[in-house]
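I have placed the structure first, in the form of structure tokens, so that the comments after it can refer back to it.
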Amino acid sequence: MSRPSKWRRGALIAFSITIAGMAATAFGQPQGDMADPLTDARFYTGSAGTQGVFPGKLVCLRCDLHPSDAAKAQCAKAGHQYALEIAGDPTIHPLLPGDAAALKQLNAAPHGAQVSVTGMLFPNLGTILVSSVATK
């Protein structure tokens, strides 16, 4: 089979999948069965991020927000899932350590401590990529 035929077949398959998805959305596809193609666009068209210092309270998404013996055991085994509560902001921002030094600083800070997190806030995700943490 020649190259143009393979290319046309691939293009036809991709086109068919796109049309089928659009038709399902347009003709009453139940909510949740198929994602709106524009939903993911916010991750690629939004702002790249905001560099800054973010003050707030350090919490663990597992053992602080949903305290239980199972959550504490999971944190002891796999490590904490840190987040930052910023006063006046309804979003709890998950913290991703950018390097080993940032992870060490996160692990050294006590839960519930007031901290200043230096890093990049990705507003579309609500996540902060941490470069350093200072306890107040």
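The values are calculated or read from the model by the stated rules, or taken from the named source; none is laboratory data. Everything numeric in this text was worked out from a predicted model, so none of it was measured. With ideal geometry, Cβ positions are generated from the backbone for all residues, glycine too; neighbour counts draw on all protein chains shown. Heads up: the accessible areas ignore ligands, DNA and RNA and are worked out on the full protein's heavy atoms, side chains in. Shrake-Rupley method; radii C 1.70, N 1.55, O 1.52, S 1.80 Å.
For the reader, a short list of remarks on this structure follows.
- Picking from residues in the range 39-53 that are over 13 Å from Leu125 (Cβ atoms) and either among the acidic types (Asp, Glu) or open to solvent by 30 Å² or more (accessible area, probe 1.4 Å) (or both), the one that is modelled with the highest pLDDT is Val53.
- Members of the range 83-134 that are of a type in the set (S, T, N, Q), part of a strand (DSSP E or B) and touching a helix residue (DSSP H, G or I) at 6+ places or on another chain (Cβ under 8 Å): Ser131, Ser132
- Condition met for Gly88 (open to solvent by less than 20 Å² (accessible area, probe 1.4 Å) and on the phi > 0 side of the Ramachandran plot): no
- In the range 117-136, residue least open to solvent (accessible area, probe 1.4 Å) [restricted to those that are closer than 18 Å to Pro90 by Cα and among the polar types (S, T, N, Q)]: Thr127
- Tally of residues being modelled with pLDDT under 95 and open to solvent by 80 Å² or more (accessible area, probe 1.4 Å) across the range 105-116: 2
- Pair list, Cβ under 8 Å, 6 or more apart: the range 95-118 residue touching a residue at least 40 places away in the same chain (Cβ under 8 Å) and within 13 Å of Gly56 (Cα to Cα), other residue among the small types (Gly, Ala, Ser) and part of a loop (DSSP other than H, G, I, E, B): Val115/Ala109
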